[in-house]
Amino acid sequence: MPFQRYLLGLGFLSPALLVLAGLFLMPVALTGIIAFTNMSISTGVSGGAHVITGNLLTGLRDDGVEPAALDRLAETVFEVTPEALARARAAGVDPAFVADIEERLVGRRFTDGRAFERELKGLPHRPRAIRDLKVAADLFGASILNTRFADAAAARQAVVGVLPDAPEATVDRIVAASYTGWQWTTGNFARLLSSPDTLRLIVNTVFYVAATLSFTVFVGLFLAIGTFYLPPATAGVFSVLWLLPRLTPVVLYAVMWKWFTWEGGFVYTAAEALGLPAFNYMKGSVPTAWTIVILVNGFIGASFSMILFSSALKAIPIQQLWASEVDGASRWQQVRYIVLPQLRWPILFVVSYQTLSLLSSYQEIWLTTNGGPGRTTSVWALESFNTALNNYTGDLQYGLGAAMAVMLVVVGVTLSVIYLRLFRFDDLVGRPKIEF
Amino acid sequence: MRLTICDFTKTFDRTTVIKDMNLVVEDGEMLALLGPSGCGKSTTLFAVAGIHRVDGGAILFGKRDVSHLPSQKRNVGVVFQNYALYPHMTVFDNIAFPLTIRREGKADIDRKVRAIAELAHIGDLLARRPSQLSGGQQQRVALARALVRQPDVLLLDEPLANLDARLRLEMRSEIRRIQMETGITSILVTHDQVEAMSMCDRIAIMDQGAIRQVATPSEMYRQPASRFVAGFLGNPPIVFLDGEVTGDGGFASRGVSLPLPGRLRHLEAGRPISLGIRPEHVGTSGGARVSGQVVFVEPQGRETLFDIELEGGAILRSIQPAGDDARVGDRVDWAVDSDRLLVFDRHGNAV
Amino acid sequence: MRRTLSLWPLALLLALASAPIAIMYLFLLVDTVTNAPPGSAIPNALTLAHWRFLVDPRVTGDVWRPTVTTLLFTASIVAIVLVVSSTGGYALSRLNVPFRRFLLAGVLVMHAFPLVTLIIGVFLVLQFVGLYNTLTGVILVKAALMLPFGIWIMKGFYDTVPWEIEMAGVQDGASRFTVWRRLVLPQVKPGLFALALFAAIDAWGEYMLPRILAPSSDFQVLSTYLNAVSDPDSTTYNFNLFKSVGLFYMLPILALYAIFRERLTNIFGGGTKG
């Protein structure tokens, strides 16, 4: 019965639930999971294999594994096995020569390439050219180095095959280290906690959010109150103008800012003409880069707060303003004592809403300064994105990026919950009036 | 069709707002559910309509139990306070909507819509949209839409509340005329006693989720079952005096003494009662007399309303045909029709 | 008269604050049809040369294919957002749904906190379901990102439809679905329209998702096209050309804005009022 009652609602909601579950909840869950792995572009996202590489051996040597054992792992072993013979035949080696090898050397094993070649030279049907002989010899060589093993057992078997008397612990170490897939770890968080970059990023982010937010609120207030007192036609021009940054596709908006601030751009040309320092303001110095980052985002945010404040202003009964004028209030007093107090809630709303969107947005910074010069104007969200998906070097560290994203989500959700309480969310939830 | 509400109980979020309510509306009858706001009258209406669920008891249309049917299967017509016309449809489409839902033939629909529009006097408005209609016209459209599919029961939820005074008067008689012509069992929910009394065969008066009295309008006015009913009906309202029965079959309170109606002379002395005195029973005719000072005069055109303060401080209200016989400050000695006095016991029940 | 005079300083101050925007957008228009001498921003010659990219694919590559793709991209997103928001918003506004409070709060949180931060997760989901590097995948993700806003907006519009309309419909014998489709949906048309406009403008301007989620695919939308064209290392380094392509890209938005200014302003501001 209760389920039946929900049937219609669930039916209507199901498309939304499906999409949101797939593309919001799943990503949240995945981000949470990946944050606890060392997943990166080199580990891949599915399970990995076992490969012993030269780099790995160097690493193990540095970690104090017995060098002799490691040297043996790096050696190529020549072994005359049925598989190797088949390989040689398939590769087009003279069949008579292969038959010779099979007849005389089958089952033999050489750890030295030259010794094996010497044996081959003694065979009756050996190729005349020494190059062909070397090619044939190589076909019998096999090295554990750079071979892919599907799982740990295969890797262990191969390692033990080369190092039959190595201690168990050494073998374990080599096998474990040879794993190329991702592993569970809390290392991302440990790294974030210990890295000095973290603090700098947090400071940057706080500064960015606070500065942009102040710009948004104060300019928005100024615009809203200004246009409120101006004749409608003039006011209209300003509100059209200020909505443009919000409407403009972000790529074009970034291009326009580049034109405005780069060498040869508008400000540059103007500064040159006036004899002021002219350089690429977006990339040339930290203070100008920060100014641009704040303006780029602030202009977009200001239109949002202007619209909200304007509609709140229009909601003030005009009689109140008349009354205050009759009471002898100056324009400034009117703004201070009548208008601003009634904008308290819209201001609070803009502050909370913009805090969240500024915290998590990075597109504009990415397309303008991209955190530069150096990483001076980088913020948390941008760094997380760059770490995971947009590295200059192509070394994409999904795990670390996800860990950063998770921390941002935690902050964001906490703030959201506080805001929901603040704005009396419960008032928005009414119960359905048709009970059937 | 006879409508029976049997032991009806309604709960919202564990608060019971109506408990074990019983009511019968006879076939073809128009019954008013009258009460102050929040008394549960609209909840009852919505339960009958199938918009609210019934938490206990049953609702029967004739012999059919509809308690757990959704409203689509009940065949009730509802006129809402704000009419709830579909703003994007013409008047014709509004009225035709219930029929198109039933997939009736085009010709049938056309015929029925025109017939009902004729009955409601909106035949010439069919092409308009609701926003182009006056309040009274919207009301007529809502009524036509509710009636076009010949519902078993017609429910009217405060249908006149959104009309101005003149239209209210007009629509009062129009709704009653249409209801009588169609003969559909109807319930009118209202908080306005004049509407209830002028439009309905019987009134069920509700307070705090319970029905206090069901009676014809005049019976309810003359013989209210309780002090609440007596106080709710009547404009200007009744005045109550709290006191007790005296030895000689009279009533005494704060310096006022009045004889009780003849049928109540036998009441034992000393019993605490309250006396209800309607303004029209104070003034020119009657067996008892009271004297006091006029403290308030409100001319209402045809009649004049007076408040007189008696010696003990009690205030009586009197309404009399207009004349200029008394002014504020005058001392008057007026008759009281003691046989029409209403008497209630300590619990507010009529004696 | 005194009143108008005293407003001059205010207007001047506003104009000063708006100067960067005014200059940028003025030159966006002017630069596409003029040339300026080196070292100056003031144009001295009229030319249509910067618009040659429209007819000559050798300038910046074919612009029409990305245009068609962007149209398709935008239209699909608008369609998905409208359908899903109009049903989802209705359910949250009017129907019995388990965990209503929680769902509403969830939608609001997702709305307030745009989870582009979760792009890593989205990236992996697309890889798992095989939609990475496809247009479909990007469309789905973009639509999903817009949904919380859409659902919230539509819920707000549904909330303003009088309950009595629905009650009357139910009385008239219509099922809840019919009531929604024939009686309620027509009442929220302005909302649907505003949402469609908003979604169209948002989708038209989208850059990051195609770039990140379909980096090596064979389709291009105008945003990635413009970004490729305006790459500082490109052979076509010329802001007048970038601006021409950009203006071409923005024209549909400007047109929509010119026609529907009022509605757009409402949804850009009022839409987030909850």
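A few comments on the model shown:
- Average projected area [Cα convex hull, the range C:126-193], square nanometres: 6.1
- Most simply put, chain B has about 75% antiparallel DSSP beta bridges, counting only bridges with both residues inside it.
- Rounded to the nearest whole Hz, the Karplus-based 3J(HN,Hα) values (6.51 cos²θ - 1.76 cosθ + 1.60, θ = phi - 60°) of the range A:22-27 follow the sequence x, 10, 10, 5, 4, x, with x at glycine and proline.
- Considering every alpha-carbon pair of the range B:235-293, the percent of pairs per 5 Å bin, from zero through the bin containing the longest distance, is 4, 17, 27, 27, 16, 6, 1.
- Max mean-square fluctuation residue, GNM over chain C, Cα-Cα springs under 10 Å, options C:Val170, C:Val30, C:Val188: C:Val170
- Within the same chain, aspartates and glutamates fewer than 8 places from B:Lys10 are excluded, and of the rest, those with a Cα less than 20 Å from its Cα are A:Glu435, B:Asp20, B:Asp55, B:Asp65, B:Asp157, B:Asp207.
- Going from the fewest other Cβ atoms within 10 Å to the most, the residues A:Lys121, B:Lys41, A:Lys258 appear in the order A:Lys121, A:Lys258, B:Lys41.
- Distant-in-sequence amide H partners of B:Ala288 (H built 1.01 Å from N, under 5 Å): B:Val336, B:Ser338
- The range C:208-220 - phi-based ³J(HN,Hα) in whole Hz, Karplus 6.51/-1.76/1.60, Gly and Pro as x: 5, 4, x, 5, 8, 8, 9, x, 10, 7, 8, 9, 9
- Over 16 Å [Cα-Cα, the range B:48-176], rounded percent: 64
- Calculated [θ] (222 nm, deg cm²/dmol) that DSSP helices of n ≥ 4 give over chain C, each run adding -39,500 (n - 2.57): -21500 deg cm²/dmol
- Each part reduced to its alpha carbon centroid, the range C:9-63 and the range C:133-156 end up 34 Å apart.
- Once backbone amide H atoms are built at 1.01 Å from N, B:Leu33 has B:Leu188, B:Val189, B:Thr190, B:Ala204 as its partners under 5 Å, excluding neighbours fewer than 5 places away on the same chain.
- Residues A:Phe218 and A:Thr186, FRET efficiency given R0 of 41 Å [Cβ-Cβ distance, rounded to 0.05]: 0.45
- Gyration tensor (alpha-carbon) shape descriptor, the range C:61-272, a/c threshold 1.5: prolate
- For the residue pairs B:Lys41/B:Lys63; A:Lys314/C:Lys142; A:Lys433/B:Lys19, the C-alpha atoms sit more than 25 angstrom apart in A:Lys314/C:Lys142.
- Share of Cα-Cα pairs in the range A:195-396 lying beyond 26 Å, as whole percent: 44
- Calculated over the range C:25-130: convex hull of Cα atoms, volume per residue (Å³): 229
- Cross-link partners for C:Lys243 among the lysines, with Cα-Cα distance under 18 Å and sequence neighbours closer than 8 places in the same chain left out: A:Lys258.
- Per-residue HN-Hα couplings for the range B:213-221 [Karplus 6.51, -1.76, 1.60; θ = phi - 60°; Hz; x = Gly/Pro]: 6, 10, 6, 6, x, 6, 4, 5, 6
- The lysines within cross-link reach of A:Lys134, meaning a Cα-to-Cα straight distance under 20 Å and a gap of 8 or more places when in the same chain, are A:Lys121.
- Stretch gain in nm, segment A:Leu10-A:Arg336, where the contour uses 0.36 nm per residue and the Cα spacing is subtracted: 112.4 nm
- A Gaussian network model of chain B, with springs between Cα atoms under 10 Å, assigns the largest mean-square fluctuation among B:Gly57, B:Gly313, B:Gly40 to B:Gly313.
- To the nearest ten degrees, helix B:135-147 and the longest principal axis of the Cα atoms of chain B are 60 degrees apart.
- Pair-distance profile P(r), taking every C-alpha pair of the protein assembly as shown, with 10 angstrom steps and integer %: 2, 8, 12, 14, 13, 13, 12, 9, 6, 5, 3, 2, 1, 1, 0, 0
- Fluctuation leader among A:Arg72, A:Arg246, A:Arg89 - chain A, Gaussian network, Cα springs under 10 angstrom: A:Arg89
- Average Cα contact separation per residue, chain B, under 8 Å, 6 or more apart, as relative contact order %: 16
- If you model the range B:288-351 as an ellipsoid using its alpha carbon gyration tensor, with each semi-axis the square root of five times an eigenvalue, the axes come out at 24, 14, 11 Å, biggest first.
- Residues whose placed amide H lies under 5 Å from that of B:Gly56, excluding near-sequence neighbours: B:Thr9
- For the range A:67-81 versus the range A:317-349, the inter-centroid distance based on Cα atoms is 87 Å.
- Per-residue [θ]222 nm for chain A (sum of -39500 (n - 2.57) over DSSP H runs n ≥ 4, rounded to 500): -21000 deg cm²/dmol
- On Cα atoms only, tilt of B:165-182 relative to the major axis of chain B in degrees: 60
Only the coordinates and a few stated rules stand behind these numbers; no lab work does. Bear in mind the structure is a predicted one, so any value in this text is a computation, not a measurement. Glycine gets a Cβ as well: all are built from the backbone with ideal geometry, and neighbour counts include every protein chain shown.
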